[in-house]
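Have a look at the structure below before the remarks.
A short reminder: the numbers here are calculations on the coordinates, not readings from a lab. In this text, all values refer to a predicted model and were calculated from it rather than measured experimentally. All Cβ positions, glycine included, derive from the backbone under ideal geometry; neighbour counts span all protein chains shown.
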Amino acid sequence: MIGSVIVVGAGQTAAVAARTLRRLGFDGEVLLVGEEHLPPYQRPPLSKDYLAGEESAEALGLLSEEWCAGNGVGLRLGTRVVAVRGPERAVELAGGEVLRADALLIATGGRPRRLPGVEGERVRYLRTLADADRLRADLRPGTRVIVVGAGFVGSEVASTARALGAEVTVIERAALPLAHVLGERMGEVCAALQRAAGVDLRTGETVREYTETGRGAAVLTGSGRVVEGDVVVVGVGMVPNVEPLAGSGVELDDGVVVDEYCRTRVEGVYAAGDVARHYHPLTGRRVRVEHFDHASGHGMAAAKNILGRRAPYTAPHWFWSDQFDRALQYAGHAEEWDEIVVRGRTDEFDFVAFYLCGGVLRAAFGMDRGGEIAVARQLIASRARPDPAALRDEDTDLTDLL
Amino acid sequence: MEPDEWVEVTSLRDLERRRRRLVVVGGEQIGLFLVGGTVYALRDVCVHKGRSLAKGTILHGRVICPGHQWAFDPASGRPDGQEGCQPTYRVRVEDGAVYVDPRPRLPVGEGNR
């Protein structure tokens, strides 16, 4: 039986893991070591309601310092872990202090990928509450916002900025937004959604040169056009925080490699959340996923496995994105498919698209159809082979297919 | 309660076919749900982000919001694992007709959140 757990990181995954450890009756030491100065908080609203000024910072809290004190969960905040020593199950802090435990959970998350050459006073990235506070102060009616990258963060920032009355230009390298996840057909729907909201979406464009003057910022694009703005938000993906793991003995491959039990190859060292490249039985592959529901579910699974309950992490991934007054949701994981079956109306942004591969439902993407996505998620979990005609037919209740 | 508060809103047969339906009674948007053979009524506008619950789904005895998949107990209006409560309404089924009392029931001890 283990007597102590150190969680490296203090985000969503860490918070859920700590809560799960206590809920399952673990009465040993639990310590969260986090680089930020704040106790764990939710990140999804940082690009949505919080950025729009509709939610308070207090409402984002996940584990209050009072809860931690009452439950004997230690918080070492504003503290950087510089090295993880796997076989010793020890972590070395920036000041040289070394902490040991019976189990380590690596939940270091990630940081925004930097765009080389785009540096200056007007450049913003979005990951932390402090980032959101800074960007929020920039977004006013008439502000000219340039968003680089039409992924989920970029699209959500574009949406919030439009809602606040800003003028928004989005520069996306790919031919369509989100097509690397959703495919071209749904990428086109997402592009239409952005344009309908008044976003100047420039696809197939890169940032060739970035300059700032006292009056503003200017992007020279790959095609030779100049886009001027007041602030530039870069959302070009995330880099997993694995630097402290160098030499730790755990396997690294764009993240920390773990099996379906959140175990690294070093005994007693686990990883979960954004940083974990985990084997997922549903796809038979290792994937790394950067979404809230995964961060929670994976943190929960890690806590169970640390306590010796064999709890494979098998649920289909699920995420949402609120953009332009639509609730986008995706369940499952599909890198290839033979057929996309659409239920509802894509031109009205009210639909579910089902991704079928060899007749098996692998993934589903929808707008304002979260209920049906919930059903689809169960169909995906059971590797169902639903009749495409039934999926398409709005008079068929999807729960009848379960 | 006054008997004249009951308003006929639809037929049981219609709900058996569609399982969920939005009705508007006295300015209240009410979602009707047929769950396990019983008709329930919830305020249609989700307490979380204002999406229409009637556009959601019934799954494992819960009403699932299309916005962010909050799952409501249709009898109490309580969302699983979340704060708050969705107002509910009294429902009566008689001779194949569905009646609703459009005065929302607030749970005991729940102030105006």
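What to note about this one:
- Phi angles across region B:67-83 convert, under the Karplus curve 6.51 cos²θ - 1.76 cosθ + 1.60 with θ = phi - 60°, into 3J(HN,Hα) values of x, 9, 6, 4, 10, 9, 6, x, 7, 9, x, 7, x, 4, x, 10, 7 Hz, Gly and Pro given as x.
- Nitroxide proxy distance, nm - points 7 Å out along Cα→Cβ at residue A:209 and residue A:77: 4.5
- Working note: 222 nm ellipticity from helices only, DSSP H runs with n ≥ 4, each -39,500 (n - 2.57), summed and divided by the residues of chain B, gives -1500 deg cm²/dmol to the nearest 500.
- Net charge dipole, region A:197-290: roughly 200 debye, given to the nearest 20, about the Cα centre with Cβ charges of +1 for Lys and Arg and -1 for Asp and Glu.
- Each pair of Cα atoms in region B:1-53 enters the Kirkwood radius, and Stokes-Einstein at 4 °C and 1.567 mPa s then converts it into a translational diffusion coefficient of 108 µm²/s.
- In order along region A:243-248, the phi-based Karplus estimate (6.51 cos²θ - 1.76 cosθ + 1.60, θ = phi - 60°) of 3J(HN,Hα) comes to 3, x, 8, 4, x, 7 Hz; Gly and Pro are listed as x.
- Remark: mean inter-chain Cβ contacts per residue of B:67-75 equal 3, using a 10 Å Cβ-Cβ cutoff to other protein chain atoms.
- Estimated D of region B:3-105 in µm² per second, where Rh is the Kirkwood radius over Cα pairs and Stokes-Einstein applies at 20 °C, 1.002 mPa s: 161
- Semi-axis lengths, Å, region A:325-401, gyration tensor of Cα atoms, sqrt of 5 times eigenvalues: 17, 13, 12
- Inter-chain Cβ neighbour count for B:51-61, averaged per residue, equals 4 (cutoff 10 Å, partner chain atoms only).
- Nonlocal amide H pairs with residue A:327, under 5 Å, H built at 1.01 Å: A:368
- Under 5 Å, built H, 5+ apart or other chain: amide partners of residue A:350: A:345
- Relative contact order (percent, whole number), chain A, Cα cutoff 8 Å, 6+ residue spacing: 15
- Neighbour-count order for A:56, A:155, A:296, fewest beta carbons within 10 angstrom listed first: A:56, A:296, A:155
- Using a Förster distance of 25 Å, the FRET efficiency for residue A:102-residue A:287 (Cβ separation, nearest 0.05): 0.30
- The Kirkwood radius of region A:1-132, taken over pairs of alpha-carbon atoms, gives through the Stokes-Einstein law at 4 °C and 1.567 mPa s a diffusion coefficient of 81 µm² s⁻¹.
- DSSP-assigned coil residues among GluC sites (Glu not before Pro) in region A:318-365, each with at most 12 further Cβ atoms within 10 Å: A:336, A:348
- Calculated FRET efficiency for the pair residue A:29/residue A:325, C-beta based, R₀ 51 Å, to 0.05: 0.65
- Loop sites in region A:273-333: trypsin sites (Lys or Arg not before Pro), DSSP, at most 12 other Cβ within 10 Å: A:309, A:310
- Rounded Å value of the spacing that divides the Cα centres of region A:376-398 and region A:175-226: 34
- Whole-Hz couplings from phi, Karplus 6.51/-1.76/1.60, listed for region A:278-291; x for Gly and Pro: 10, 6, 10, x, 5, 9, x, 10, 8, 9, 10, 10, 10, 9
- Size of electric dipole in the protein assembly as shown: Cβ of Lys, Arg +1 and of Asp, Glu -1, about Cα centre, debye, nearest 20: 720
- Based on the reciprocal of the average 1/r between different C-alpha atoms, the Kirkwood radius for region A:43-106 equals 14.5 Å.
- Charge tally for residue A:260 (other residues, Cβ to Cβ under 11 Å; Lys, Arg +1; Asp, Glu -1): +2.
- Proximal lysines to residue A:48, defined as alpha-carbon separation beneath 20 angstrom and excluding residues fewer than eight positions away on the same chain: B:49
- Residue order, fewest to most beta carbons within 10 Å, for A:76, A:265: A:265, A:76
- In a DSSP loop and with at most 16 other Cβ atoms within 10 Å, the GluC sites (Glu not before Pro) in region A:246-321 are A:251, A:267.
- Size of electric dipole in region B:7-76: Cβ of Lys, Arg +1 and of Asp, Glu -1, about Cα centre, debye, nearest 20: 280
- Relative protection proxy for B:81-87, A:234-240, A:82-88, from highest mean packing down: A:234-240, A:82-88, B:81-87 (other beta-carbon atoms within 10 angstrom).
- Cα radius of gyration and Dmax for the protein assembly as shown (Å): 24.4, 78
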